[in-house]
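Quick note: the coordinates plus some simple rules give every number you see, no bench work behind them. For clarity, every value in this text was computed on a predicted model and none was experimentally measured. Quick reminder, even Gly has a Cβ in these numbers, built from the backbone with ideal geometry, and neighbours come from all protein chains shown.
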Amino acid sequence: MSVNVGIVGCGGIANRHMGSLSRMPEAKMVAFCDIDYGRAKASADRYGGRAYGDYRDMLARERLDAIFVCVPPFARGFEVEFVERGINLFVEKPVALNLEVASRIEKAIAKAGVINSVGYMWRYYDTTDRAREAIEGNGPMGFLEGHYVDPFWFPSGHWWLRKERGGGQVVEQATHVFDLTRYFAGDVERVYTEMDRRIVTWVPEMNVEDIAITTLRFRNGAMGVIVNTCASKRTLSYTELRIFSKDVVVEHGCHRGYVKLYTDLEVREFRPSVDPYMEEAKVFLNAVMKGDQSGIRSSFKDAVKTLQVTLAANEAALEKKVITLT
């Protein structure tokens, strides 16, 4: 069985997914859409299929089993039209720019019953499994410490520079660390954040904060702190998460995928043996072919909870108060 796949948004992250799908015999990329028709055409020329400049044309003319949505956060919401046609949905993070749009898509998914997945790829490392096993067997969990440290690389005019289009670094980039803390520690109860723009002062069009510190209180009682910046140097760029539990400290390398387990007697290190982008695509397509959602590690519904936490961080910084999540 092959799965007819459409791609909406043919930019950077889409190219990563297309590369994965091209190595999967069960995936048949049949349509590519981008408001920059040239990018859609380039993808179609490379992988086969047809190019479109408007998703409505693609929806009307193609028989799709699944859609990969890789457009910026401000452009979300149209997914409902695909879901209502019974087309299974893979969407890149964050799932929306606000909870109103996210809720509308979530309700459409629940009504249609389509397979759905969100691109929180770190959940798919085999080392992430090893980390969860260690945490579950050596609790209780006390404290989580995460970092998303990135250099500034955005060109003039890029949508990311405007918070009303990308949501800011917490919502659009550090969301991966926030999501991984939720994967290990569960739902968040309270959020408080301080954020500011202090370093990237040479880009007048930018209104995104370049530093932030967020404290979290989880419903299981654990506490956490996440530090992020988009203004580091290329010589110091990293993501990581440490989880402190009763009998083990777990260090997850996030983008790098390694996991270290620290106990009183030893330090054990594990390296990933899988490409997490390939894994999330394989799991999604397998779920589509079987009609079984159970193998998906990041459903749309769960990803909305991560969005809720990151939006609460933005709100806490703006209002200068602790935000309690319901």
Q: Diagonalise the Cα gyration tensor of segment 133-185 and give the resulting equivalent ellipsoid semi-axes, square root of 5 times each eigenvalue, largest first, whole Å.
A: 32, 10, 7
Q. Which whole-number percent is the relative contact order of the chain (Cα, under 8 Å, 6+ apart)?
A. 20
Q: Using the Karplus curve 6.51 cos²θ - 1.76 cosθ + 1.60 with θ = phi - 60°, work out ³J(HN,Hα) for each residue of segment 7-14 in order, rounded to whole Hz, and write x for Gly and Pro.
A: 10, 10, x, 10, x, x, 5, 4
(Q) Based on alpha-carbon atoms only, what is the radius of gyration of segment 63-219 relative to the globular estimate 2.2 N^0.38 Å? (A) 1.18
**Q.** Quotient of Cα Rg and 2.2 N^0.38 Å for segment 156-296, N being how many residues it contains
**A.** 1.25
Q: Only Cα pairs under 8 Å and at least 6 apart count here; give the relative contact order of segment 205-314 as a rounded whole percent.
A: 11
(Q) Taking 8 Å as the Cα distance limit and 6 or more residues as the minimum spacing, I'd like the relative contact order of segment 1-154 as a percentage. (A) 18
Q: Give the distance, in whole Å, between the Cα centre of segment 248-298 and the Cα centre of segment 54-94.
A: 27
Q.
My understanding is that a pair violates if its Cα-Cα distance is over 27 Å; which of 93/282; 163/260; 233/282 do that in this structure?
A. 163/260; 233/282
Q) What distance in nm separates the simple spin-label points at residue 246 and residue 1, each placed 7 Å from Cα in the Cβ direction? A) 4.4
Q) Looking only at segment 189-213, which residues have a backbone nitrogen under 18 Å from a spot 7 Å from the Cα of residue 321 in the C-beta direction? A) 189-195
(Q) Through the Karplus equation 6.51 cos²θ - 1.76 cosθ + 1.60, θ set to phi - 60°, convert the phi angles of segment 140-151 into ³J(HN,Hα) values in whole Hz; use x for Gly and Pro. (A) x, 7, x, 8, 10, 10, x, 9, 10, 10, 9, x
Q) Taking the simple approach of a point 7 Å from Cα along Cα-to-Cβ for both residue 162 and residue 236, what is their distance in nm? A) 3.3
Q) Where a Cα-Cα gap under 20 Å defines reach, which aspartates and glutamates qualify for residue 41, not counting those fewer than 8 residues away within the same chain? A) 54, 57, 62
**Q.** Stokes-Einstein diffusion coefficient of segment 229-326, Kirkwood radius over Cα pairs, 20 °C, 1.002 mPa s, in µm²/s
**A.** 125
Q) Could you give the angle, 0 to 90 degrees to the nearest 10, between helix 300-319's Cα long axis and the longest principal axis of the Cα atoms of the chain? A) 60
Q.
Using the basic label-point model (7 angstrom from Cα toward the beta carbon), what is the residue 126 to residue 50 distance in nanometres?
A. 4.1
Q.
To test your reading of the geometry: what angle, between 0 and 90 degrees and rounded to tens, separates the Cα axis of helix 99-112 from the longest principal axis of the chain?
A. 60
Q: Give the Rg (one decimal place) followed by the Dmax (whole number) of the chain, computed from C-alpha coordinates and expressed in Å.
A: 19.7, 62
